[in-house]
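Reading through the structure tokens given below for one structure.
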Amino acid sequence: MRTIIHLIRKEFYQIRRDKSMIAIVLLAPTIQLIILGYAAILDVRNIPMVVLDMDSSHHSRELVDRFVNSGYYTIVDFISTLDEIDDYIDRGKAGVAAVIPKNFGNNLYAGRSAKLQLIVDGTETNIATIGMNYASMIVTRFSQNIMIERIDQSGGGSITPMVVPEIRIWYNPNLESRNFMIPGIVGMLLMVITINLTSLSIVKEKEIGTFDQLAVTPIKSYHLLAGKTIPAMIIGMADVVLVISIAFLHFGIPIKGNILLLFFLSLIFLLTTLGIGLFVSTISRTQQQAMMTSVFFILLPMIYLSGFVFPIENMPGIFQTISYLMPLRYFFVIVRGIFLKGVGIAELWDQALMLTIIGVAIFTLSAMRFRKTVG
């Protein structure tokens, strides 16, 4: 028993001496709790919506106001043509488009049914499903109020105008969650594998002493940097091919866009993950530290704030702002757009540009720190 007590004391003594491990053990759960407490909201609110009001009547404006005042939708723009809907949904700027046809108000005044078309982006199945339910509820209540008004005006007659919603789901008409999740897993797996592969391989060499031996040889720092990152990049691209092949051949997920564009943008995404792995390797002395740092401070926050699990629109403003720094956020839009929507660089250029800027910045800064550490 005394031996066990001594071993326990020794273990706590070692933990106390390792200041970085204490920080990870105490700080990591605090950060995770704060992020999850604010970001892990499954309720769907503030769904971005565009409106094409071809009627511009009192009733059409009242219906739009009901969507806004419900808190479930945020109007991002009022458009004037049907062609604009494609642009907003393809770019991911809107999840729902409402099309109010001409004579909408006249039909209601005359006691006839009036149609309302709702176009839903089906690539995000949870938002699409809940959004359709919200829309049906809003339209039903609006119709009930119109019915009550008509009954009061007609003295209890049988004229009961109704708004009939016609819902069309684009890109994932059956709302299969597999079509939404699997393309996103491509990015998540690519991130996890390359970050851990880069950081752990370097830290492992630090632990066994071979890294210091390499550092004192005539090898240039950029040679060592290339020798560590290029194999990880090749493995990462091999994983992209593997995951895409499984998604297409086994799960039957359609690849509607240009697969070469997907490979090219995946390569840009690798700049960010390899850069992060390099950075973790420069601040970690052991593989345990590297693993805990990458998981608790990088991987999990990225997954939480990238829109993979929780809708970004529901998060507080500060976390929405932070999410713009997450490269995984942009890669999710890219991979789902190419897989399910079949869009090209014309629709994804802004996402690709942000991903490139972040990737080059992260990799450059991490490489500079890596060279300083080697020197």
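The values are calculated or read from the model by the stated rules, or taken from the named source; none is laboratory data. All figures in this text were calculated on a predicted structure; none of them were measured in a lab. Cβ atoms come from the backbone with ideal geometry, glycine included; neighbour counts cover every protein chain shown.
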**Fill in**
Those residues of segment 39-62 which are modelled with pLDDT under 80 and of a type in the set (Gly, Ala, Ser) amount to ALA39, ALA40
**Asked** Which is without any contact (Cβ under 8 Å) to a residue 24 or more places away in the chain and exposed (fewer than 15 other Cβ atoms within 10 Å of the Cβ), of ASN133, ASN106?
**Response** ASN133
**Fill in**
Considering segment 128-158, residues that are in a helix (DSSP H, G or I) and of a type in the set (S, T, N, Q), and then whichever is modelled with the lowest pLDDT, we arrive at GLN153
**Message:** Give me the helices (runs of 4 or more DSSP H) completely within segment 284-375, filtered to those with at least 1 residues that are touching a Phe, Trp or Tyr at 6+ places or on another chain (Cβ under 8 Å), ordered by residue number.
**Reply:** 300-305, 317-323, 327-336, 345-374
**Request:** Give the residue that is surrounded by the fewest Cβ atoms within 10 Å (Cβ to Cβ), with candidates limited to residues of segment 171-188 that are out of contact with any helix residue (DSSP H, G or I) (no Cβ under 6 Å at 6 or more places or on another chain) and of a type in the set (A, V, I, L, M, F, W, C).
**Result:** ILE185
**Prompt:** Scanning segment 288-324 for residues that are surrounded by fewer than 16 Cβ atoms within 10 Å (Cβ to Cβ) and among the hydroxyl-bearing types (Ser, Thr, Tyr), which turns out nearest to the chain's Cα centre (by Cα)?
**Reply:** TYR324
**Prompt:** Which residue, of VAL333, VAL360, is in contact (Cβ under 8 Å) with a residue 60 or more places away in the chain and either among the basic types (Lys, Arg) or surrounded by fewer than 15 Cβ atoms within 10 Å (Cβ to Cβ) (or both)?
**Reply:** VAL360
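Within segment 43-68, which residues are outside any loop (DSSP other than H, G, I, E, B) and over 26 Å from the mean Cα position of the chain (by Cα)?
Of everything in segment 43-68, those that are outside any loop (DSSP other than H, G, I, E, B) and over 26 Å from the mean Cα position of the chain (by Cα) turn out to be LEU52, ASP53, HIS58, HIS59, SER60, ARG61, GLU62, LEU63, VAL64, ASP65, ARG66.
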**Request:** Inspect all residues belonging to segment 257-277 and state whether any of them is within 23 Å of ALA352 (Cβ to Cβ), touching a residue at least 60 places away in the same chain (Cβ under 8 Å), under 20 Å from the mean Cα position of the chain (by Cα) and not in a helix (DSSP H, G or I).
**Result:** yes
**Message:** Just to check your reading of the model, which residue among THR272, THR282, THR293, THR286 is under 27 Å from SER221 (Cα atoms) and modelled with pLDDT of 90 or more?
**Reply:** THR272
